[in-house]
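Quick notes on the structure that follows.
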Amino acid sequence: MVVFSVKPLFTIFVVSLTLLVVLTLLSPRNPFSQNPISQQPSLGEVDIWSVRRLMEWRPCKWWLQGHLTALPLETNGYIRVDCYGGLNQMRRDFCDGVGIARLLNASLVLPKFEVASYWNETSGFADVYDVDYFMQHMNGFVKVVKTLPPEIATKEPVQVDCSKRKGQFDYVESVLPSLLKHKYISITPAMSQRRDRYPLHAKAALCQACYKALRLAKPLETKASKLLDAIPKPFLSLHLRFEPDMVAYSQCQYTGLSPASIKAVEAAVALVERKPWTGELARIWRQRGKCPLTPNETALILQSLSIPPTTNIYLAAGDGLMEIEGLTDIYTNIFTKSSLLNEEDFTSMHGNTKAALDYYISINSDSYMATYFGNMDKMVAAMRAFKGLYKTLFLSRRGFAELTSQGLRGKELMQALWKVHRDEFVAGRGSALPECFCEFKL
């Protein structure tokens, strides 16, 4: 009878298994041994939209499922939100104001839109948005009124400074007393406010207002729908910002501009009274990503992302774009509001209604890119996420400035630009507003 020792065999088995595990983990084919982003395609293999994403933003369930605190029977008074700036800044301020009204248990009066000659603007809230639709979809979130009670209808609201309000307790402690005393106040929400401090019912009111309740007024929506139908499909909506006032506000200097562009920028600088940075400060400012991309730089980045020159591009931009040939010399299928609308329709429109068309086209486009990260871009990206449209990307001004300052040119620069934007797209950075959207890993 032959007797085998179990212990040596067991030891050999354990050692072999350990070596097998180590070799498996170190194998280049093992999905856990590499950074998932590093496994993504390189320049020229696919276009940017074919890259597999690792996460995306989706509307939070606590908002969509409607877990709401019931509205009190009596309100503490009436709040009107006074909105200033361009359309998307006013939209942002109004959405914030809806959340504040719910926080303070106030009835919401339809907002006041600034009438500004600078923006060539005369349209009010009802000229841009469908009032009845808004009131219907805010039912249960906040009380909205078209008319005020007789005892306060003839009075102007008491203006309350919100510039230093940053969260739930600031508004409750500092604004609510004025509301209770005067019963009718107006506010302009602070840009720095902390919405994450709001209770869920106030955040839900803000989210509902921004992404479900604001629909274009029917005449404007009809015009926007016709414009959308006129654009060849599929198409990319490109929000390009290189107007004289934008360059002047940025305090950036550019070389190689045409005499007409230089003259326009100088006039804008005199108007805004902000001199460009010079010397080392100018270099630091640019490397921090503060300088708008030129049309030529934008075209170079699009090429690095393997966007074909034959792509249909809708140019979502204001009047007065400079150096546009830098883009159109490479991408020839460019469409604009002025080229697709008849002259009478286009000239009769003002700043808000033109901006509303760009917004509508951008949230319904096959893909969206922006050379800036302003109010429109944040709103468009969030609404596209709400609609399940994820071909959205913000071109990196900072990345472009850093790479070109390192002396990268030609194919080497394009490869580096591809990697910067690929990593941003894979990680889903900057594509939605955190207070209404939650991260979802794919």
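The values are calculated or read from the model by the stated rules, or taken from the named source; none is laboratory data. Given the structure is predicted, the values throughout are model-derived calculations rather than measurements. Cβ atoms come from the backbone with ideal geometry, glycine included; neighbour counts cover every protein chain shown. Side chains are part of the model used for accessible areas, which takes the heavy atoms of the whole protein and leaves out ligands, DNA and RNA. Shrake-Rupley method; radii C 1.70, N 1.55, O 1.52, S 1.80 Å.
If you filter the stretch 242-262 down to residues that are of a type in the set (S, T, N, Q) and open to solvent by less than 60 Å² (accessible area, probe 1.4 Å), you find that the one that is farthest from the chain's Cα centre (by Cα) is SER258. Scanning the stretch 279-303 for residues being closer than 16 Å to THR328 by Cα and among the small types (Gly, Ala, Ser) gives a total of 1.
Would you call MET369 assigned to a strand (DSSP E or B), assigned by the TED database to the domain that holds ASP229, within 23 Å of GLU221 (Cα to Cα) and under 19 Å from the mean Cα position of the chain (by Cα)?
yes
Among the residues here, LYS183 qualifies as in contact (Cβ under 8 Å) with a residue 40 or more places away in the chain and farther than 30 Å from TRP62 by Cβ.
Kindly indicate whether GLU344 is open to solvent by 50 Å² or more (accessible area, probe 1.4 Å) and assigned by the TED database to the domain that holds ALA248.
Values: open to solvent by 50 Å² or more (accessible area, probe 1.4 Å): yes; assigned by the TED database to the domain that holds ALA248: yes.
When the stated conditions are applied, GLU344 passes them.
Scanning the stretch 192-241 for residues that are open to solvent by less than 40 Å² (accessible area, probe 1.4 Å) and in contact with a Ser or Thr (Cβ under 7 Å, 6 or more places away or on another chain) gives LEU220, PHE235, LEU236, SER237, HIS239, LEU240. Among the residues making up the stretch 137-151, those that are modelled with pLDDT under 95 and either outside any loop (DSSP other than H, G, I, E, B) or among the hydroxyl-bearing types (Ser, Thr, Tyr) (or both) are THR147, PRO150, GLU151. On the basis of being modelled with pLDDT of 95 or more and not hydroxyl-bearing (Ser, Thr, Tyr), does LEU257 make the cut? In short, yes. Among the residues in the stretch 290-297, are any open to solvent by 70 Å² or more (accessible area, probe 1.4 Å) and either within 24 Å of the chain's Cα centre (by Cα) or of a type outside the set (Phe, Trp, Tyr) (or both)? The answer is yes, given that some residue of the stretch 290-297 is open to solvent by 70 Å² or more (accessible area, probe 1.4 Å) and either within 24 Å of the chain's Cα centre (by Cα) or of a type outside the set (Phe, Trp, Tyr) (or both). The set of residues in the stretch 97-108 being more than 16 Å from LEU68 (Cβ to Cβ) and buried (at least 24 other Cβ atoms within 10 Å of the Cβ) consists of GLY97, ILE100, ALA106. When the residues of the stretch 304-322 are filtered to those that are touching a Lys or Arg at 6+ places or on another chain (Cβ under 9 Å) and over 11 Å from PHE235 (Cα atoms), which remaining residue is most open to solvent (accessible area, probe 1.4 Å)? Restricting to residues being touching a Lys or Arg at 6+ places or on another chain (Cβ under 9 Å) and over 11 Å from PHE235 (Cα atoms), the top hit is ASP319.
Name every residue in the stretch 237-274 that is outside any helix (DSSP H, G or I), in contact with an Asp or Glu (Cβ under 7 Å, 6 or more places away or on another chain) and of a type in the set (A, V, I, L, M, F, W, C), in order of residue number. PHE242, LEU257, listed by residue number. State whether one or more residues within the stretch 175-188 are under 30 Å from LEU64 (Cα atoms), open to solvent by less than 10 Å² (accessible area, probe 1.4 Å), hydroxyl-bearing (Ser, Thr, Tyr) and not assigned by the TED database to the domain that holds LEU300. Yes, the conditions are met somewhere in the stretch 175-188.
Out of all the residues in the stretch 221-233, which are more than 18 Å from VAL380 (Cα to Cα) and not basic (Lys, Arg)?
Residues satisfying the conditions are THR222, ASP229, ALA230, ILE231, PRO232.
Candidates SER362, SER405, SER396: the one that is open to solvent by less than 50 Å² (accessible area, probe 1.4 Å), small (Gly, Ala, Ser) and closer than 17 Å to GLY289 by Cβ is SER396. Does the stretch 152-159 contain any residue that is assigned by the TED database to the domain that holds ILE100, at pLDDT below 90 and acidic (Asp, Glu)? No, because not a single residue in the stretch 152-159 is assigned by the TED database to the domain that holds ILE100, at pLDDT below 90 and acidic (Asp, Glu).
For the stretch 198-217, filtering for residues that are assigned to a helix (DSSP H, G or I), within 19 Å of LYS378 (Cβ to Cβ) and not aliphatic (A, V, I, L, M) leaves 6. Checked against (1) at pLDDT below 95; (2) more than 27 Å from ALA260 (Cα to Cα); (3) open to solvent by 50 Å² or more (accessible area, probe 1.4 Å), PHE373 passes all but condition (2).
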